[in-house]
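Since the structure comes first, as structure tokens, the remarks are kept for the end.
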Amino acid sequence: LGGSVGKAHGAKIHYILRLARETRVPVICLNASGGARIQEGMDNVFGITGMFYQNTLNSGVVPQISAVMGACTGGNAYSSALCDFIVQVKKGAYIFITGPAVIKEVTGEEISFDELGGARAHSAVSGVVHLTADDDRGCLDLIKQLLDFLPQNNQERPVARPCADPVDREVPELTDIVPIKMSKNYDVKQIIRAIADEGDFFEIHKAFARNLIVGFVRLGGQVAGIVANNPKFLGGCLDIDSADKAARFIRTCDAFNIPLVSLVDVPGFLPGIRQEHAGIIRHGAKMLYAWTEATVPKIAVIMRKMYGGAIPAMGVHEIGFDQVYAWPSAEMQMVGAEPAVRILYRREIDGAVDKEAFFAGKVREYQETYLTPYHSSSRSIIDAVIQPKDTRRMIISALRMLENKTEPARAFRKHGNIPL
């Protein structure tokens, strides 16, 4: 029957989802289904809708992973969307709510199954899919790797592994990877692999919002989630998609007791009419909400720059971070030196005999006074100025210090109202 979901079929799924929650074990859904069994009429509402209910009750209690290995349409698509991670096979697998035939009937648009709901569409454009695999076997292997970073449930921590990589290993190559000149770009994945145990990095949402990187590493044998700006794309600016990507990952890590490490090199939020009209304020607020809500250990390393509204979005004490470090070359300020000087000394610049020389002098003065990390350190905004080569050692030291972190009880609430 094409794997379609009817009343009896749904009841079996409801049972296993409920049993997973009661026994505190992860859920793996292997999808190849045509959706609701329409010949059962309204009876299939029980089968489909009950899946959503159980997925939602499981959310944040046990990890839920959905594999799209064939058709995953209608209700099955929504059930997958309610899981923590979706893995899709690149060929012969698709996920959508309404198929090409219905779209053509209603809107007149023509599109293929693959263009509408294939792995590329959902891993790079919509952001629905977190991981992609070449075939079914690769899909199952990815699920195994992912489970290795996750605990069984929200009352446990991920299993720590013996670490052959020295925890005090220096990483001198970081100085060569990151250019001093702010306008030059690099790939932050090089930084992540350099500090991770044995260079192992399991990236999530690899093809989506590439200006921000998220994924799992081990540091001293302990699992940690990485959130890192990537100057290779959009100069590392935060935009709508990257804010959604980060907020989702932060909340997932917090739900399953995975510490978070933020690697910062960000000029701010991406400016532009399209971003503003599409709701960058609302989407950016999701990151602020996620960081504040998270109670797991949170550590930030400011590598090169951190400006404006991106300061709380990438991590400081005031948004709930436990430790904040900065490299000696790091710049932190609400605005850069040149726009700040234009605002602060507008009249003096207009009245100066040599406007360019006066402006250049004030820019240099502003940089030396306010953009240095020692200014931020003197105000306890950062905890320490560290050498790049010591980054791995300092992060692991902080993770160990915060291993038994607890937070005082917060004000009672049924739940918060994240700006969705």
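The values are calculated or read from the model by the stated rules, or taken from the named source; none is laboratory data. Keep in mind that what you see is a predicted model, and the values were worked out from it rather than measured. Here Cβ is always computed from backbone atoms with ideal geometry, including for glycine, and neighbour counts include all displayed protein chains. With ligands, DNA and RNA removed, areas are computed over all heavy atoms of the protein, side chains included. Shrake-Rupley method; radii C 1.70, N 1.55, O 1.52, S 1.80 Å.
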Of all the helices (runs of 4 or more DSSP H) wholly in region 1-105, which have at least 3 residues that are free of Cβ contacts under 8 Å to residues at least 40 places away in the same chain, surrounded by fewer than 17 Cβ atoms within 10 Å (Cβ to Cβ) and of a type outside the set (A, V, I, L, M)?
7-23, 43-58
Kindly check whether there is at least one residue in region 399-413 that is within 28 Å of residue 182 (Cβ to Cβ) and either in contact (Cβ under 8 Å) with a residue 60 or more places away in the chain or part of a helix (DSSP H, G or I) (or both).
no
Is there a residue in region 213-227 that is more than 16 Å from residue 332 (Cβ to Cβ), more than 16 Å from the chain's Cα centre (by Cα), charged (D, E, K, R) and surrounded by 21 or more Cβ atoms within 10 Å (Cβ to Cβ)?
yes
When you go through (1) outside any strand (DSSP E or B); (2) over 23 Å from residue 316 (Cα atoms); (3) open to solvent by less than 30 Å² (accessible area, probe 1.4 Å) one by one for residue 284, which number turns out not to apply?
(2)
Hits in region 389-420 (condition: open to solvent by less than 100 Å² (accessible area, probe 1.4 Å), out of contact with any Pro (no Cβ under 8 Å at 6 or more places or on another chain) and not aliphatic (A, V, I, L, M))
390, 391, 392, 393, 397, 407, 416, 419
Given the conditions (1) under 21 Å from residue 391 (Cα atoms); (2) open to solvent by less than 10 Å² (accessible area, probe 1.4 Å), which single one is not true for residue 329?
(2)
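Given the criterion at pLDDT below 95, over 23 Å from residue 119 (Cα atoms) and hydroxyl-bearing (Ser, Thr, Tyr), identify the matching residue among 23, 49, 73. Steps first, please.
On the way: 23 fails: at pLDDT below 95; 73 fails: over 23 Å from residue 119 (Cα atoms).
That would be 49, the only listed residue that is at pLDDT below 95, over 23 Å from residue 119 (Cα atoms) and hydroxyl-bearing (Ser, Thr, Tyr).
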Out of 376, 380, sole residue that is open to solvent by less than 90 Å² (accessible area, probe 1.4 Å), under 26 Å from residue 340 (Cβ atoms) and part of a loop (DSSP other than H, G, I, E, B):
380
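For (1) over 17 Å from residue 395 (Cα atoms); (2) hydroxyl-bearing (Ser, Thr, Tyr); (3) open to solvent by 80 Å² or more (accessible area, probe 1.4 Å), each residue gets a yes or a no:
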| site | (1), (2), (3) |
| --- | --- |
| 139 | yes, no, no |
| 184 | yes, no, yes |
| 188 | no, no, no |
| 201 | no, no, no |
| 207 | yes, no, no |
